[in-house]
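Heads up, the thing below is written out as structure tokens.
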Amino acid sequence: VSTAPAASTNRTSRPTGTGARTSSTSTPLLPANHAAHHAARVERLQQNSPCIQHLVDNLTDEQASFQVKNFVLNKTLCQNVSDTPLLGQVKKFSDGEFKTITGANGIMRSAIPLFRKEETRRPSTARKPQSKPVELVCRYGCKAEGCKKQLWLGRVDGAILVYEKVDENGMVIGHDKHCHDKFPLEVSNRHKDDLDSGKDTRTDEYSLSIRQREYILNEVCDGNQILGNWRTIARALIADKNVRCTTEQEAKPAAFAERIRRFCKYDNKESAMYLHGERLCGDMSAQVLKDVLDTLKEEGSYEGEDESMKSFMNTDHFELLTSQLHVLNTDYGTSSSGGMSDFTFCHFEYSDAKEVAEKAVTMYEDGVVQLETDFVKGFVDGDSFQFGHVGFSDMDHRYWPLGMIVAKSENSDAASRMIARAVSLFKSVGGNCKVVLEDGSVALNCGVNIVDAQLRAEEEEAAKEVDNDAVANFLASAFFRRSR
């Protein structure tokens with residue numbers, strides 16, 4: 001991995017502050033099969049896009065001779081891009097560029113699997129950056145504290161160029177294996193002090209090292225493990241003699257698996273985007289997603305023959321979905337193709353929504369509850385869907401969501417669906433919702449008005465039925481008295 005002289009990787013003593021399994025032999029930074037995976041990835045990219053190598057090998061003289069201080073061009077990491085913004089406009093990475101960099105087969109996957117953005121100063125358009133043959137966009141560094149591996153990413157028309165940092169001797173700086181093997185409690189005393197004072201509850205003896213995180217990403221992205229099989233991944237980590245594990249991780253695999261789950265589920269920022277954006281969603285066909293939604297809607301077991309669906313059903317992720325969520329309604333897959341062409345919404349709620357609503361009714365005087373609702377967007381990069389939610393706050397000002405809806409836009413139909421469901425939910429347990437707290441957007445205002453009109457129509461219909469019953473009772477009584 002590293003072309004620079006590296007210090008010895010022999011580890012014969014146990015580090016201070018945490019019990020860790022040690023090894024007396026040097027180990028590669030990435031799994032042994034990573035080189036083969038990388039070679040296969042490069043070959044696959046060249047087959048799919050024959051122009052990549054041609055473009056990189058045929059850079060103009062100005063582009064090829066472009067110098068970046070303390071960095072050198074690595075042509076093997078450069079990749080072709082179809083939607084390059086106009087050079088010299090100081091634009092951020094486009095969607096196509098960002099996927100090329102952080103995707104499952106992207107640049108960062110093989111160069112710096114877990115990365116962070118370094119402070120980058122870019123010229124303004126007033127300084128005419130378009131006059132330079134290469135536009136430098138962003139600098140990335142390794143997340144391992146103390147590791148000096150860095151990349152400068154530059155933009156040319158049709159490609160991303162990658163420059164690696166070099167030392168004073170002109171040698172490319174590789175990853176520091178010792179820094180990758182360190183656990184959070186070993187990095188600095190700050191983590192230990194925060195843990196002792198109770199300030200940091202996320203850092204403990206089960207916290208993952210950078211090397212463990214890279215192992216997890218490679219196992220999942222290469223298809224050796226399925227995202228959601230947390231305990232299987234934990235057992236594989238413990239069994240691998242090339243990866244250090246703390247004695248606490250080895251002693252309690254269940255707690256170790258929980259920490260792996262938290263990493264895969266919540267630490268999905270730029271450094272792990274390729275895991276969440278490609279592996280979990282990219283491999284799931286439209287039919288499998290429809291089967292998942294139908295299963296959550298009907299509260300029954302899957303009776304089909306699709307192997308991908310059966311494989312997903314065996315994961316902890318699917319078990320979590322079925323135990324906590326219930327799909328109320330969706331129009332996904334109602335077209336003849338069964339795809340997303342006509343998809344407009346997916347409405348679902350928590351399985352215990354009725355029980356939570358019942359407790360809210362008993363908590364507030366006269367059972368009157370104020371609803372709260374809003375839409376948010378952008379859970380992951382490139383996400384174009386709107387996520388609506390509705391719920392209430394308790395006496396301690398903690399928010400309790402009851403129902404959610406995913407829609408292509410923030411619209412009145414989606415808003416009225418989830419608000420009407422919440423109102424009917426409280427009515428079913430003897431409560432009442434007279435006020436809805438929202439931010440004043442047009443969609444939410446229209447949604448509230450639609451629900452209000454529906455409720456008024458229901459009240460008027462109920463009043464008519466009462467009047468009709470009263471008239472019928474009066475006529476029946478009059479007829480009875482006359483017949484007597």
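Short version: ³J(HN,Hα) in whole Hz for each residue of segment 439-446, in order, from phi by Karplus 6.51 cos²θ - 1.76 cosθ + 1.60 (θ = phi - 60°), x for Gly and Pro, what are they?
7, x, 5, 4, 4, 5, 4, 5
Of LYS99/LYS182; LYS92/LYS165; LYS91/LYS290; LYS69/LYS92; LYS92/LYS177, which ones are farther than 28 Å apart at the Cα?
LYS99/LYS182; LYS91/LYS290; LYS92/LYS177
How far apart, in nm, are the 7 Å Cα→Cβ label points at ALA286 and VAL172?
4.2 nm
For LEU114, which sequence-distant residues (separation of 5 or more, or a different chain) have an amide H within less than 5 Å of its own amide H, given hydrogens modelled in the peptide plane?
Amide H neighbours of LEU114: LYS143.
So if we plug the beta-carbon distance of LYS117 and ASN70 into 1/(1 + (r/R0)^6) with R0 = 22 Å, what FRET efficiency do we get, rounded to 0.05?
Result of the calculation: an efficiency of 0.80.
Given H placed on each backbone N at 1.01 Å, which residues far from PHE71 in sequence or on other chains put an amide H within less than 5 Å of it?
VAL166
Could you pull out every residue, at least 5 positions away or on a different chain, whose amide H is within less than 5 Å of the one on SER207? Hs are placed 1.01 Å off N in the peptide plane, and Pro or chain starts have none.
The list, which skips near neighbours in sequence, is empty: none.
Would you kindly find the accessible area of MET395, with a 1.4 Å probe and non-protein molecules such as ligands, DNA and RNA excluded, rounding to the nearest 10 Å²?
110 Å²
If I stretch the segment between GLU365 and LYS132 completely, what's the gain in nm (0.36 nm per residue apart, minus their alpha carbon distance), one decimal?
77.0 nm
With r as the distance between the Cβ atoms of SER409 and LEU86 and R0 = 22 Å, compute the FRET efficiency 1/(1 + (r/R0)^6) and round to 0.05.
The computed FRET efficiency comes out at 0.15.
Say each of GLU319 and ARG398 gets a label point 7 Å from the Cα, pointing the same way as Cα to Cβ; how far apart are those two points in nm?
Using points 7 Å along Cα→Cβ, the separation is 2.5 nm.
The values are calculated or read from the model by the stated rules, or taken from the named source; none is laboratory data. Everything quoted here is computed from the prediction, not taken from an experiment. So basically every Cβ, Gly included, is an ideal-geometry build from the backbone, and we count neighbours across all protein chains shown. All accessible areas refer to the heavy atoms of the entire protein, side chains included, with ligands and DNA or RNA removed. Shrake-Rupley method; radii C 1.70, N 1.55, O 1.52, S 1.80 Å.
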